[in-house]
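A short worksheet on the structure shown next.
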Amino acid sequence: MRTRPLGIEGAHVVTPPRFDDERGHFSPFLLDSLLHDSGAGGMFALRQGATSVSRAGVVRGVHFTRTPPGTTKYVLCTAGRVRDHLVDLRVGSPTRGVVETVLLDGDELTCLLIPTGVGHAFHSLVDGSRMVYLMSGEYVPEDELAVDLYDPAIGLDLPDPADVLLSERDRAAPSVAELEAAGTLPTYEDSLRADAEARGSLERTIPGGGIS
């Protein structure tokens, strides 16, 4: 398993190993000790797991959670192929406004560790793309927010809106400027605090090192 930091502070790409034999293949897509030792901060306490399946042309996002409480996410594509977009929405972040795009493929099981306050969106490139989400918080409808996918202040590389399938919620999402004016965007300090609390509530056993 390999990890590498992205240009957004706190965000990492995780590439798991894959072991093939005549039966098929096996891939350990999450190792807390490796996330800890690589500088990614270790895994957070899991409060919710979810999955979505999307047709080709579906775009979901840009989604984030009101902070506090905030939500840390670990996501991967287990079937199909998506173009995943992250955008740092955190007011005061040293990487605020940075966008990172990563191709996630069901055969490779590439994962993303997404810190609180970083917006998430993806574009399904084929039918049957399945995303899996591990999250530090449970779903609370009033805390789940969205940013306009086509806000030029973000500048995501997406097809024309007429050529994609969007939910009504995502189609009507406000701009970054509107959310900031309303005081709705997460701050860098609150986001770091939420990430630390999510990890602090999880006891991790490090091989050879006891409980940290």
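Between VAL98 and GLU22, what is the spin-label point distance in nm, taking each point 7 Å from the Cα along the Cα→C-beta axis?
4.8 nm
Please compute P(r) over all alpha-carbon pairs of the chain, binned at 5 Å starting from zero, and give each bin as a whole-number percent.
Distribution as computed: 1, 7, 15, 19, 21, 17, 11, 5, 2, 1, 0, 0 percent.
Compute the signed sum of charges (Lys and Arg +1, Asp and Glu -1) over the other residues within less than 12 Å, Cβ to Cβ, of ARG169.
-2
Summing -39500 (n - 2.57) over the DSSP H runs of n ≥ 4 in the chain and dividing by its residue number, what mean residue ellipticity at 222 nm do you reach, to the nearest 500 deg cm²/dmol?
It comes out at -3500 deg cm²/dmol, rounded to the nearest 500.
Quick one: Karplus J couplings for region 58-74, per residue in order, coefficients 6.51, -1.76, 1.60, θ = phi - 60°, nearest Hz, x for Gly and Pro?
Rounded to whole hertz, the list is 6, 10, 10, x, 7, 10, 8, 10, 3, 10, x, x, x, 9, 8, 10, 10.
Largest first, please: the extent of the C-alpha atoms of region 1-86 along each principal axis, to the nearest Å.
47, 37, 27
Can you tell me the relative contact order of the chain? Whole percent, Cα pairs under 8 Å, sequence separation 6 or more.
Contact order relative to length: 28 percent.
Heads up, I need the accessible area for GLU180: 1.4 angstrom probe, whole protein in place, Å², nearest 10.
Using a 1.4 Å probe on the heavy atoms, I get roughly 80 Å².
With every protein chain in place, what's the accessible area of ARG4 (1.4 Å probe, Å², nearest 10)?
Surface accessible to solvent at ARG4 totals approximately 120 Å².
Near the amide H of VAL91, under 5 Å away, which other amide H atoms are found, from residues 5 or more places off or on another chain, if H is placed in the peptide plane?
So VAL91 has HN proximity to THR187, TYR188.
Students sometimes get this wrong: rank THR71, THR187 by accessible area, probe 1.4 Å, all chains present, largest first.
The ordering from most to least exposed comes out as THR187, THR71.
The values are calculated or read from the model by the stated rules, or taken from the named source; none is laboratory data. Everything quoted here is computed from the prediction, not taken from an experiment. Here Cβ is always computed from backbone atoms with ideal geometry, including for glycine, and neighbour counts include all displayed protein chains. Ligands, DNA and RNA are stripped out before the accessible areas are found, and what is left, the full protein with its side chains, is counted by its heavy atoms. Shrake-Rupley method; radii C 1.70, N 1.55, O 1.52, S 1.80 Å.
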